[in-house]
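The structure under discussion appears below in the form of structure tokens.
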Amino acid sequence: MPDLAEIEVARHFTELSHRNFSVDTNFYPLGSCTMKYNPKLNEAVAGFPGFTDLHPFAPDSGAQGALHLLYDMERSLSALFGMTEFSLMPAAGAHGEITAMLMAKKYFAQTGQGTRDVCLVPDTAHGTNPASAAMVGYRVVSIPSTSRGRTNVAALKSKLDGSTAVCMMTNPNTLGLFEDDIIDITKAVHAAGGLMYYDGANANAIVGLVRPGDMGFDLLHLNLHKTFSVPHGGGGPGSGPVGANAKLAKYLPKPVVVRNDDGSFALDWERASSIGPVRAFWSHFLAIVRAYAYIIVHGEEGLRRNSQLAVLNANYVRAKIKDVLTVPYEDFCRHEFVCSAETLKKETGVRALDLAKGLLDAGIHAPTMYWPHVVPECLMIEPTETETRETLDNFSATIHALVKQAHDDPASMAELPLHTPVRRVDEAHVGRQANKGIGLRWQPK
Amino acid sequence: MYTPHTDDEIRAMLAEIGAPSLEALSSPPLGLEIKESLGLPPALPEAEAYAHLKALAGKNDGARKVSFLGAGAYRHYQPPAVPWFAMRSEFLTAYTPYQAEASQGSLQAIFEWQTYVCLLTGMDVSNASLYDGATALVEGVIMAMHTNGRKRVVVSQAVHPMYRAVLATYATGMGLEVIDLPYNAAGVTDLEGGADHARGASCVVVQSPNFFGCIEDVDAGSKLAHDNDALSVCVTAEALSLAVLKTPRESGADIALGEAQSFGLPVGYGGPYVGFIASTKEHVRRLPGRLVGETTDVAGRRAFVLTLQGREQHIRRELATSNICTNQALCALIATVYLATVGATGLRAIATTNLRRARELSDALTSITGFSRAFATPFFNEFCLRTPVPAEQLARALERRGMLAGLPLSRFYPELTHHLLICATELTTPDDIRHLNSALAEETSRAVAAV
């Protein structure tokens, strides 16, 4: 380990920071990630010593402010998403998913249906969905999408039987389209005895507009680092609260925060049917503080307005670029949309990857690439509500310019980016080395 | 406030899209639109929200008390340089570094974190971070299970009780059998009695320093594991101890994991913290989550990139080594800047101060009539104090006097009724120790007199 003077630390990490794109420095339309602006109020309040210096084993009597905040947060999320109760414990979205899978498994075990072991997942789902289901031993069955970019309801229904445990859905889905058959789907899954799980990664499209509880979902997770403006920190920490309806709430992780008859707040460990804790201590508390600040400055109206504006911005960009890239689905999108560079690739050999790298040269973070797999040469674009029209126009103009460059001088596109801190990197070499455990840490020469 | 469009702009954008109104464009086609108020309080202006949160923070008087609480969350000094650099917008508001060309800062920081974890644990490879120490334990157990296909896990009862509770939660869902190894009169794991249990086990899990603060014989834990062809998993909940103890690898561990909150992260009512996991290189393909590797770009410059993504959920889906996606990158960065700032010499000095303060505290408290150390085993910065009256009763009495005296162990070990887990760090002052000493003596006399 090195010994450094503080100025060396200062120069090093400041220099590293200059080698990063971020929301505060660049437009970051990374689909399914909701890279909205993170208000600095959140940072200020999460730094109050009354929050940062509070030990998790401080007695409840000395943590009334924190418990009150957690209680209000839980009530707000339950109201906004139509659930009976939330647990604020899970650390991130995938952690919320495994929490919900553990709850489902316990529910089936306690109701004498422990043999149910199939989890239905649309082919457009996030990879975390099947990975979380597999962790509790569920067999994953993939459901195809239709030409309209929605889950194929007939295919889904054909897979329903006494082995069905859970159906995991994202709505709007990762193509940015609302699953308009969702009521039909939730009814069919329930009729077969299964549970419906809502992946909240795309909740930024629906806050205050429609509630997963009203669509018939039994369980859900949210990503507070997406929808509720907790900064993503270069890959976390997130926060992934899990909501449950009346049937499943008793299985939520413990402890939970309760309000006593005298108005005081407490951690309650007496939950006989709880799956147990899913992490040490009670939550990513300082992340919850940030999300809570976001909720109270917006209120219900403000949150709804943000979702509407997120949909507006996505459709605006979609309208602006659909004449140069293929937009495979006709309907208006929700908070994000996908487009395809397949035609461009056939005509010029230039791929979605090359367009993405070209955007980096223009100071714009690339959209999510090559996913979902159902759309070839896919770019998934999510502008979020906090971006100006000027930024969106600039993005659209850059896409037009890159497509033009692809036709005029396709060979030049493979060279992009030219002006980023590093250019394209050798991923194959590092993979081969890493397989042997080499190149994953600094070594003295 | 945080959204920029004027009404005119919105109208113009709707025209461009060809949509009649914002409502028509954004309302889901279900007939389930929310029509009534959901009952959330009205929006607050920023200044009022700030004041409201300040008032809530002010109600946490537990944050202002003199504290001897540790038990998996440690109060340490955070050099101001740490948040100053780690919380820069360019780090704070970036996403997971999928686009290497635009994320070299985050990627190199993760690479440096992986390096620090390897240096501190003695291991070959480490990942970008896990949620916390408890979930790191779960991931370590899953790695062992994937290595040898066995589903029995042998875990010391002196591993942090919350970590064990989390493992139990997952074990039920995953069909794992967890067998407890009891602790003995010295406050360490009874490894000799564990020989029978370890047969056919996937791994043996020991924590050091353990939950009672006692330094375990990790070498013996590793031997028990290896004698049974199982993996040795070493848990560290107080990462600062790694600066002065033998590394897990030197003690024969195959997987080292734990919690690195001590490296510059506030106790923050329980999170976010940062879990770490490291192993010998033969297990690299079974590591969970993100890994950053060093390579070069087309111009031959040093560069960093996410690697071995074929293990991960976004590629492998249900066959991934773990479902983890978002981890604790910013917390790992804070820990990395902390380690860079204090340096090797500084870290050892801080650890040594912790050792000394904890001994001063132990000497002071065991000088009170009726008080003793419950276990004679050497400790790092916390230890188990045996109290002449129930520890819970003493802790409550001390709270009223503005002090958090430690954690009554009966909360997790019903048999340990007269046992207080008590911690001293570099932030513990001689005055704090004097005050605790006199308060404990007085409250004990009062309690005894009342009986």
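Filtering the stretch B:31-50 to residues that are facing another protein chain (nearest Cβ under 7 Å) and part of a helix (DSSP H, G or I) leaves B:GLU46, B:ALA49, B:TYR50. When the strands (runs of 3 or more DSSP E) confined to the stretch B:254-297 are screened for residues that are within 10 Å of the chain's Cα centre (by Cα), those reaching at least 1 such residues are found at B:255-259, B:275-279. Filter the stretch B:121-135 for residues that are buried (at least 24 other Cβ atoms within 10 Å of the Cβ) and more than 8 Å from every other protein chain (Cβ to nearest Cβ); which is nearest to the chain's Cα centre (by Cα)? This residue is B:LEU130. Among the residues of the stretch B:87-94, is there at least one that is of a type in the set (S, T, N, Q), part of a helix (DSSP H, G or I) and in contact with a Ser or Thr (Cβ under 9 Å, 6 or more places away or on another chain)? Yes, because at least one residue in the stretch B:87-94 is of a type in the set (S, T, N, Q), part of a helix (DSSP H, G or I) and in contact with a Ser or Thr (Cβ under 9 Å, 6 or more places away or on another chain). Of the residues making up the stretch B:374-412, those that are assigned to a loop (DSSP other than H, G, I, E, B), away from every other protein chain (no Cβ under 11 Å) and surrounded by fewer than 18 Cβ atoms within 10 Å (Cβ to Cβ) number 5. Considering A:LYS320, A:LYS404, the condition of being touching an Asp or Glu at 6+ places or on another chain (Cβ under 8 Å), part of a helix (DSSP H, G or I) and either among the basic types (Lys, Arg) or under 26 Å from A:SER145 (Cα atoms) (or both) is satisfied by A:LYS320 alone.
Of all residues in the stretch A:431-443, those that are farther than 19 Å from B:VAL117 by Cα have Cβ atoms under 6 Å from Cβ atoms of residues that are surrounded by 17 or more Cβ atoms within 10 Å (Cβ to Cβ), 6 or more apart or on another chain, in A:GLY431/B:THR307; A:GLN433/A:GLY439.
Before we move on, is A:GLY349 at the interface with another protein chain (Cβ under 10 Å from one of its Cβ atoms), surrounded by fewer than 23 Cβ atoms within 10 Å (Cβ to Cβ) and of a type in the set (Gly, Ala, Ser)? Before you say what the answer is, go through the steps one by one.
On the way: at the interface with another protein chain (Cβ under 10 Å from one of its Cβ atoms): no; surrounded by fewer than 23 Cβ atoms within 10 Å (Cβ to Cβ): yes; of a type in the set (Gly, Ala, Ser): yes.
In short, no.
For the stretch A:1-57, a residue qualifies if it is surrounded by 21 or more Cβ atoms within 10 Å (Cβ to Cβ), within 7 Å of chain B (Cβ to nearest Cβ) and among the polar types (S, T, N, Q), and the qualifying residues are A:SER17, A:ASN20, A:SER22, A:ASN38. Scanning the stretch A:419-441 for residues that are in a loop (DSSP other than H, G, I, E, B) and not hydrophobic (A, V, I, L, M, F, W, C) turns up A:HIS419, A:THR420, A:PRO421, A:ARG423, A:ARG424, A:ASP426, A:LYS436, A:GLY437, A:GLY439, A:ARG441.
Yes or no: B:LEU53 in contact with a helix residue (DSSP H, G or I) (Cβ under 7 Å, 6 or more places away or on another chain), modelled with pLDDT under 95 and either part of a helix (DSSP H, G or I) or more than 24 Å from B:THR341 (Cβ to Cβ) (or both)?
Details: in contact with a helix residue (DSSP H, G or I) (Cβ under 7 Å, 6 or more places away or on another chain): yes; modelled with pLDDT under 95: no; either part of a helix (DSSP H, G or I) or more than 24 Å from B:THR341 (Cβ to Cβ) (or both): yes.
No.
When the stretch B:283-319 is examined, which residues are found to be farther than 23 Å from A:GLY127 by Cβ and basic (Lys, Arg)?
The initial filter retains those residues of the stretch B:283-319 that are farther than 23 Å from A:GLY127 by Cβ, namely B:294-303.
Scanning the stretch B:283-319 gives B:ARG301, B:ARG302.
Looking at B:ALA171, B:ALA239, B:ALA243, B:ALA165, just one residue is within 14 Å of chain A (Cβ to nearest Cβ) and touching an Asp or Glu at 6+ places or on another chain (Cβ under 7 Å), and that residue is B:ALA239. Among residues of the stretch A:398-412 that are modelled with pLDDT of 95 or more, those with a Cβ under 6 angstrom from a residue that is outside any helix (DSSP H, G or I) and not charged (D, E, K, R), sequence gap 6+ or separate chain, pair up as A:THR398/A:ALA362; A:HIS400/A:VAL324; A:VAL403/A:VAL324; A:ALA406/A:VAL350; A:PRO410/A:GLY349; A:PRO410/A:VAL350. Would the stretch A:62-80 turn up any residue that is basic (Lys, Arg) and either under 17 Å from the mean Cα position of the chain (by Cα) or modelled with pLDDT under 95 (or both)? The answer is no, given that none of the residues of the stretch A:62-80 is basic (Lys, Arg) and either under 17 Å from the mean Cα position of the chain (by Cα) or modelled with pLDDT under 95 (or both). Within the stretch B:298-329, the set of residues being buried (at least 23 other Cβ atoms within 10 Å of the Cβ) and part of a helix (DSSP H, G or I) comprises B:GLN313, B:ALA329.
One line per residue, one yes/no per condition, for (1) of a type outside the set (Val, Ile, Thr); (2) over 20 Å from B:GLY173 (Cα atoms); (3) modelled with pLDDT under 95:
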| residue | (1), (2), (3) |
| --- | --- |
| A:VAL242 | no, no, no |
| A:TYR251 | yes, no, no |
| A:ASP262 | yes, yes, no |
| A:ILE275 | no, no, no |
| A:PHE281 | yes, yes, no |
| A:VAL297 | no, yes, no |
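Among the residues making up the stretch A:191-209, a single one is among the polar types (S, T, N, Q) and assigned to a loop (DSSP other than H, G, I, E, B): A:ASN202. Within the stretch A:44-61, track down each residue that is more than 30 Å from the chain's Cα centre (by Cα), under 16 Å from A:ALA280 (Cβ atoms) and of a type outside the set (A, V, I, L, M). Hit for the stretch A:44-61 is A:PHE57, nothing else. Every listed requirement among (1) in a loop (DSSP other than H, G, I, E, B); (2) touching a helix residue (DSSP H, G or I) at 6+ places or on another chain (Cβ under 9 Å) is met by A:TYR329 save one, (2). In the set (1) modelled with pLDDT under 95; (2) surrounded by fewer than 21 Cβ atoms within 10 Å (Cβ to Cβ), the condition left unmet by B:LEU355 is number (1).
Pairing each residue of the stretch B:302-320 that is more than 7 Å from every other protein chain (Cβ to nearest Cβ) with any residue that is surrounded by fewer than 23 Cβ atoms within 10 Å (Cβ to Cβ) and of a type in the set (Lys, Arg), provided the two are 6+ apart or on different chains, yields C-beta distances under 8 Å for B:GLY310/B:ARG316; B:ARG311/B:ARG285; B:ARG311/B:ARG286.
Would you be able to tell me the number of residues in the stretch B:417-433 that are part of a loop (DSSP other than H, G, I, E, B) and touching a Phe, Trp or Tyr at 6+ places or on another chain (Cβ under 9 Å)? Full working, then the answer.
Looking only at the stretch B:417-433, we keep the residues that are part of a loop (DSSP other than H, G, I, E, B), and these are B:417-418, B:424-429.
Next, only the ones that are touching a Phe, Trp or Tyr at 6+ places or on another chain (Cβ under 9 Å) stay: B:424-428.
Number satisfying all stated conditions: 5.
Looking only at residues in the stretch A:197-232 that are within 8 Å of chain B (Cβ to nearest Cβ) and of a type in the set (Val, Ile, Thr), the one that is nearest to A:MET83 (Cα to Cα) is A:VAL210.
Would it be correct to say that A:THR186 is in a loop (DSSP other than H, G, I, E, B), of a type in the set (S, T, N, Q) and within 12 Å of chain B (Cβ to nearest Cβ)?
Values: in a loop (DSSP other than H, G, I, E, B): no; of a type in the set (S, T, N, Q): yes; within 12 Å of chain B (Cβ to nearest Cβ): yes.
Against the criterion (in a loop (DSSP other than H, G, I, E, B), of a type in the set (S, T, N, Q) and within 12 Å of chain B (Cβ to nearest Cβ)), A:THR186 does not qualify.
Among the conditions (1) under 18 Å from A:ASN245 (Cα atoms); (2) touching a residue at least 24 places away in the same chain (Cβ under 8 Å); (3) under 21 Å from the mean Cα position of the chain (by Cα), A:GLY193 misses just one, which is (3). For B:ALA253, the stated conditions hold: it is out of contact with any Phe, Trp or Tyr (no Cβ under 8 Å at 6 or more places or on another chain), of a type in the set (A, V, I, L, M) and either surrounded by 24 or more Cβ atoms within 10 Å (Cβ to Cβ) or under 18 Å from B:VAL141 (Cβ atoms) (or both).
The values are calculated or read from the model by the stated rules, or taken from the named source; none is laboratory data. Quantities reported herein were computed from a predicted structural model and do not represent experimental measurements. FYI the Cβ positions are ideal-geometry reconstructions off the backbone, even for glycines, and counts take in every protein chain you see.
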